[in-house]
Amino acid sequence: MPVKNRFAELLPDITAWRRDIHTHPELLFDTHRTSALVADKLKEFGCDDVVTGIGRTGVVGVIRGRTDTAKRVIGLRADMDALPIEEETGVEYASSTPGVMHACGHDGHTAMLLGAAKYLAETRNFDGTAVVIFQPAEEGGGGGREMCEDGMMQTFGIQEVYGMHNWPGRPAGSFAIRPGAFFAATDQFDIYLEGRGGHAAKPHETIDTTVMASHLVLALQTIVSRNADPIDQVVVSVTSVETSSKAFNVIPQKVHLKGTVRTLSRDMRSLAQKRLTEISQQTAAVFGGVAEVTYHRGYPVMVNHDTYTEFAADAAREVAGACDEAPLVMGGEDFAFMLEERPGAYILVGNGDTANVHHPEYNFNDDAIPAGCSWYAQMVESRMPAA
Ligand SMILES: [Zn+2]
Ligand SMILES: [Zn+2]
């Protein structure tokens, strides 16, 4: 069964919206132009309700089906924000904002959900209510969390929720999904080491924080190799080492380490946090120094609900004829907060042979639009079949 014919007709329009959004990327919660564009389009399509300012710059549109006998409400979500990267795609509709680009394809997600909203508002061939959710600040700002904290699920009576991300390396318009833990919890840490600075030629008079830091960076890897069950997935990466002195002849008083921890279960996340703190404090103590650890919990593990994963895979099969099993992803996804509030699932749509997301040469593949739009629309029509 192919993609919905209507999306072949709408493809030039949806592609034009996508490229317009691409030319005007906006960061985090500053999606003012994009949010206004989305709200205007949803009103133009004849959505029954369009609400702005949820989760600061989030936008929600409500589309009622022809009937509402089963009183069901399904949420479909896209993200709108870009990344602080200098674009190197060379396309004629490239970013007009220096240092900001749509390097994760959220321009494509927004355009595809707009396309689905236009189709659903035209056809209304379902029994229930479709709620289209456009969130800001997926790239680290927690826009999805803020929309949930604003009571979005309750306000609109959303009962289940679905999201999608493009995936470079998969054939354009093909689908992949997995049940259970799918995207990792993404935490950050700061470790402040303090010793006693001094002259580099008199190390015996100092407590050397660079030696302390060097041991610590290696010791932290034992969380993965010695503390975690080998079956569990966990990543501990120290990504920044900064000393309080830049001179060649000074042993620095302080060293600041930064990094990230990625885990796929609540237990592993707690274990990693506990061990990171213990290893830091005790390694510092071995050398006579002290460590202060700040552990910042970011996005939680994104968990696809089993039954709803099957619903999403079935819709993908309707559209593309097949749905593959997706790999585990150690990246994070703000949609995790929505899946903590309501059951649902998150699916990957192939972006073809493009540069990877977050790369300056990445670009969303417009060939994926008909399949992506069709999947969003199919979720509504399959879960709320016309009475
Ligand atoms: Zn991204
Ligand atoms: Zn993304």
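Each reported figure results from applying straightforward, stated rules to the coordinates on display, with no laboratory input. Values in this document were obtained by computation on a predicted structure and should not be read as measured data. Positions of Cβ are backbone-derived with ideal geometry, glycine not excepted, and every protein chain shown enters the neighbour counts.
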Next on the checklist: Applying a 10 Å radius around every beta-carbon, put 22-30, 321-329 in order of their mean neighbour count, most first.
Outcome noted: 22-30, 321-329
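Sort His305, His215 so that the residue with the fewest other Cβ atoms within 10 Å of its own Cβ comes first and the one with the most comes last.
Listing His305, His215 from fewest to most nearby Cβ atoms yields His215, His305.
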Checklist entry - So for Asp367, Asp79, fewest C-beta neighbours within 10 Å to most, what's the order? => result Asp367, Asp79
Checklist entry - Roughly how many Å is it from the Cα centre of the stretch 257-324 to that of the stretch 95-168, as a whole number? => result 24 Å
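For the stretch 213-265, what is the per residue volume of the convex hull drawn over the alpha-carbon atoms, in cubic angstrom? Present the calculation step by step, with values, prior to reporting the outcome.
Numbers: hull volume 4.1 nm³, N = 53.
So the per-residue Cα hull volume is 77 Å³.
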Checklist entry - What ranking of Val303, Val131, Val38, Val51 emerges when the number of other C-beta atoms within 10 Å of each C-beta is taken as an exposure proxy, fewest first? => result Val51, Val303, Val131, Val38
Item to check | the stretch 185-296: mean projected area of Cα convex hull, nm² | outcome: 6.5 nm²
Item to check | Between the stretch 27-82 and the stretch 196-243, the Cα center-to-center distance that results, in Å | outcome: 47 Å
Item to check | Estimated 222 nm signal from helices in the chain, with DSSP H stretches of n ≥ 4 weighted -39500 (n - 2.57), rounded to 500 | outcome: -11000 deg cm²/dmol
Next on the checklist: Show me, bin by bin at 10 Å from 0, the whole-percent P(r) of the stretch 1-105 based on Cα pairs.
Outcome noted: 13, 36, 34, 14, 3, 0
Next on the checklist: Can you give me the Kirkwood hydrodynamic radius for the stretch 129-193, using every pair of distinct Cα atoms, in Å to one decimal?
Outcome noted: 15.2 Å
Checklist entry - At each listed q (0.12, 0.13 Å⁻¹), what is the log10 of I(q)/I(0) that the Debye formula gives for the chain modelled as equal alpha-carbon point scatterers? => result -0.90, -1.01
Checklist entry - With Rg and the Kirkwood Rh both taken from Cα atoms, where does Rg over Rh land for the stretch 85-238? => result 1.12
